[in-house]
1. Working only within region 194-215, note down all residues that are crowded, with 21+ Cβ neighbours inside 10 Å and at pLDDT below 85.
2. Before we move on, is residue 259 farther than 30 Å from residue 409 by Cβ and touching a helix residue (DSSP H, G or I) at 6+ places or on another chain (Cβ under 8 Å)?
3. Being free of Cβ contacts under 8 Å to residues at least 12 places away in the same chain and in a helix (DSSP H, G or I) narrows it down to one residue among 117, 124, 142, 134; which is it?
4. As an exercise: evaluate residue 262 against (1) farther than 26 Å from residue 242 by Cβ; (2) within 24 Å of the chain's Cα centre (by Cα) and give the number of the one condition it does not meet.
5. Can you report the number of residues in region 35-61 which are surrounded by 14 or more Cβ atoms within 10 Å (Cβ to Cβ) and over 14 Å from residue 321 (Cα atoms)?
6. Under the condition of being within 25 Å of residue 338 (Cβ to Cβ) and surrounded by fewer than 23 Cβ atoms within 10 Å (Cβ to Cβ), which residue from region 294-318 is modelled with the highest pLDDT?
7. Could you run through region 144-154 and say how many residues are surrounded by fewer than 23 Cβ atoms within 10 Å (Cβ to Cβ) and either modelled with pLDDT under 90 or in contact with a strand residue (DSSP E or B) (Cβ under 9 Å, 6 or more places away or on another chain) (or both)?
């Protein structure tokens, strides 16, 4: 491991080869028919290669949670193993076990719960600003994105004066590198690397091990145990805010759609037991928003695997979509209908499954719960300016989809 030295240059590697993280185009899939006729089927990946597309809940859990599937391409010439270097937690054990163990504490339920009041104060501040606006507001720009960036930056340890800049640089990554705008994404990535390098060096000079944030936690771990090197430290500090920022903002946008377009804001306010209904509303948003959000990254068979009636050969790519699992009618009756009262709601896989289940799941759920609470109690009403189907969407460099805007009129309730 690299021993920490004050002023030492800290940098992370180049952006990941994002093309391998881009799932097959899933928008037009008829999941019900696929499950009934060919639950493990062949499909064209984004690069034209053939992938296995899995559509049943149980099979998707097997792929995401099974040791027979790797998160890295299998090098058949070498007999297996990862095909490239990786300093993030998205790799196979034992490195995944080591790195996830290092950062799990700051994202545990008991730890993130202490941020509830901070999240609520920021949500109230942003909602008040929307209420005072003279023109329609953009929920993404004026609420969802600044709220989620402020929260993840607080947890990671990005100082408050730097958070707007951190958000602006993160937004530059919200295009696939393969597109023409990719040069903007790469430049944003480099500037974020430089910022994180300077942030780590500055924290070390000023007692960086003190505090409850992730950066302090990792600096302490590095200095006391030597179990994380400088590149891994920088990759975590850089990657976690970017990864957790847009996906949670997406969930807030989807929640806002159901609150406004389908009248759920009125129902939450009129509920006999509002706390219980709000919690169930949040879980149903998480279940259903997987179709309007990013998907789990593909897996690669590390050995021949039997999946249903199909044998997946070693090295094959498997796409196990969260949207398919969360629309499986065997678990969720009338799955395309938004219904917080449905039984078995907690079985959804919005955060994935297995050892790679979303590290920030507890924080994301808390953010969404607090955002819904704040909106339900704010004394404002909202009206969508454009239909949900007309909202433009983008794809970021990790394959996540997100609304480019969501414009609402705001009025007194």
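1. 208
2. no
3. Answer to the check: 117.
4. Residue 262 satisfies every listed condition except (2).
5. Number satisfying all stated conditions: 2.
6. Among them, the one singled out is 295.
7. Residues that pass the stated criteria total 0.
One line per residue, one yes/no per condition, for (1) more than 20 Å from residue 240 (Cβ to Cβ); (2) out of contact with any strand residue (DSSP E or B) (no Cβ under 9 Å at 6 or more places or on another chain); (3) surrounded by fewer than 16 Cβ atoms within 10 Å (Cβ to Cβ):
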site: 336; (1), (2), (3): yes, yes, yes
site: 342; (1), (2), (3): yes, yes, no
site: 347; (1), (2), (3): yes, yes, yes
site: 352; (1), (2), (3): no, yes, no
site: 363; (1), (2), (3): no, yes, no
site: 368; (1), (2), (3): no, yes, no
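The values are calculated or read from the model by the stated rules, or taken from the named source; none is laboratory data. Here the structure is a predicted model, which is why all the values come from computation and not from measurement. Reconstructed Cβ throughout: ideal geometry from the backbone, glycine too, with neighbour counts over all protein chains shown.
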